[in-house]
Amino acid sequence: MTRDGAMRLVSDSPFASGPSSLGMAITPDGRTLYSVSAGLQLSSLALLPGTITGYHVEPGGRLTEIAQTTAPGPVIGAAITPDGARLFVTIATGETGQVLSYAISPSGTLTPTGAPPAQVPSAISQVVISPDARHLFVSNFLTGNMSSFAIAPDAGLTPVGAPVPTGISPAIPSVSADGRYLYVGNEGSGDVSGYTIGDNGALTPVAGSPYPSGGTPHGPIFTSDSGRIYVANASGNSISGWQIGPDGRLSALPGSPYAVPDGVARVILSADGKVMYAMTGAPRQSGKVTGYAVKADGSLTPTRSPSISTGLYWHDGSNAFLTPNQGPTAALRVDGEGLGLTRIFSAVKSADSDGRVTGYTWDFGDGSTQTTTTPFVTHRYAAAGERTVSVTVTDDEGCSTSLIYNGTMVECRGSAQARATQEIAVGRY
């Protein structure tokens, strides 16, 4: 995919997964992907063991299978912790379900953590994790509620109160990157429920919740700044969008809901929030991915790039995402020892492994700052002395020092490496 939303199908795609794959998750470095299988072989209606299949993600996007882990039941949902160390999955056990955890090795193979399974009331359930990795939440499709758990250092899960009510048939929850809100689409009642996340992991409904969506809501998504939320309306051929108020209350974006020519199953956003991709497809037709430009006011318009066929007939579950944007690395050099109070700063050796560095924020250590789009800047100090100077870089997808996590995977792998600091002596003294 290009920055303007143009797409190209990866060679040999689509790749085989287990039967009835309803969820995927990818590690923060973008190198390992897991697909979970409920085990229902639709062609024969045979129920096979649930599995978790791992894949290496090659630089060009091709997938190479690593290994397959057999689960004790149909696997429905999956989420990887923000540090990429663990995979949590939900499985069906008769009419109820469980949450299991696996340690992820450097090679991508999975090993059970040994933590006991956590019980949930619904066989069909999906899982998300808070950005601080302290709490885990499960949408219970069959019982119409959300379960909350505290996560222990050993991956053990302790319930946080009783499950809280949602609408009918909640599915595919999402957590805001700032960790304040959780929203889930209620497929049976055609609305979206929102909750504030307490410090202890308790969920409290936001004012005005639930909000009608205009169809069968399928997978709410937040923008990386936690300021907006969008959802695909599978039965309404539309995408709804809202602005999120200071208290979590939603107000419709201009023009929402936005019409989509074919049935829309899922939407995802580019890391910089400028392009939305919609997974669409009419019954018995091959699905497509269609791009939409996101305007400054949050409204959507189709891009000029053509849609691309997926080769699939339907997209269900939490099964669409972009590979995580890898954060940039800053490098700082200071010249001008013979220039008295003037110094020349360079960040030209800063780098971004999956794009370009496009922004530089300079702190000269004397109370003054400057932001540039070029890696060079000159600054004159008012007086001699020692100064601590720094540059913070931003890449072409808006990723810098902050790690952006949406509940199941990292979207922007920002880190402290995006800032470089150096001590300098200014003038003669």
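The values are calculated or read from the model by the stated rules, or taken from the named source; none is laboratory data. Since the model is a prediction, treat every value here as computed from it, not as a measurement. Here Cβ is always computed from backbone atoms with ideal geometry, including for glycine, and neighbour counts include all displayed protein chains.
Any residue at all in the range 356-376 that is under 30 Å from GLY60 (Cβ atoms), in a loop (DSSP other than H, G, I, E, B) and touching a Gly at 6+ places or on another chain (Cβ under 6 Å)?
No, the conditions are met nowhere in the range 356-376.
State yes or no: is VAL175 touching a Ser or Thr at 6+ places or on another chain (Cβ under 8 Å), under 24 Å from SER235 (Cα atoms) and among the β-branched types (Val, Ile, Thr)? Give the derivation first.
Working: touching a Ser or Thr at 6+ places or on another chain (Cβ under 8 Å): yes; under 24 Å from SER235 (Cα atoms): yes; among the β-branched types (Val, Ile, Thr): yes.
So VAL175 passes the test.
I'd like to verify a number: residues in the range 307-332 that are at pLDDT below 75 and not aliphatic (A, V, I, L, M), how many?
Here the count works out to 10.
Give the range 94-116 a look and list any residue that's buried (at least 17 other Cβ atoms within 10 Å of the Cβ) and part of a loop (DSSP other than H, G, I, E, B), or say none.
Filtering the range 94-116 for residues buried (at least 17 other Cβ atoms within 10 Å of the Cβ) gives 97-102, 104, 108, 110, 113, 115.
Selection gives GLY108, THR113, ALA115.
Of the residues VAL377, VAL426, which is crowded, with 17+ Cβ neighbours inside 10 Å, without any contact (Cβ under 8 Å) to a residue 60 or more places away in the chain and touching a strand residue (DSSP E or B) at 6+ places or on another chain (Cβ under 7 Å)? Break it down stepwise before answering.
On the way: VAL426 fails: without any contact (Cβ under 8 Å) to a residue 60 or more places away in the chain.
The unique qualifying residue is VAL377.
For a quick check of your reading: which strands (runs of 3 or more DSSP E) sit entirely within the range 136-235 and have at least 1 residues that are in contact with a strand residue (DSSP E or B) (Cβ under 6 Å, 6 or more places away or on another chain) and either closer than 18 Å to GLY97 by Cα or at pLDDT below 95 (or both)? First the steps, then the outcome.
Details: elements: 145-151, 157-159, 170-175, 181-186, 191-197, 203-205, 217-222, 228-233.
Passing ranges, in order: 145-151, 157-159, 170-175, 217-222, 228-233.
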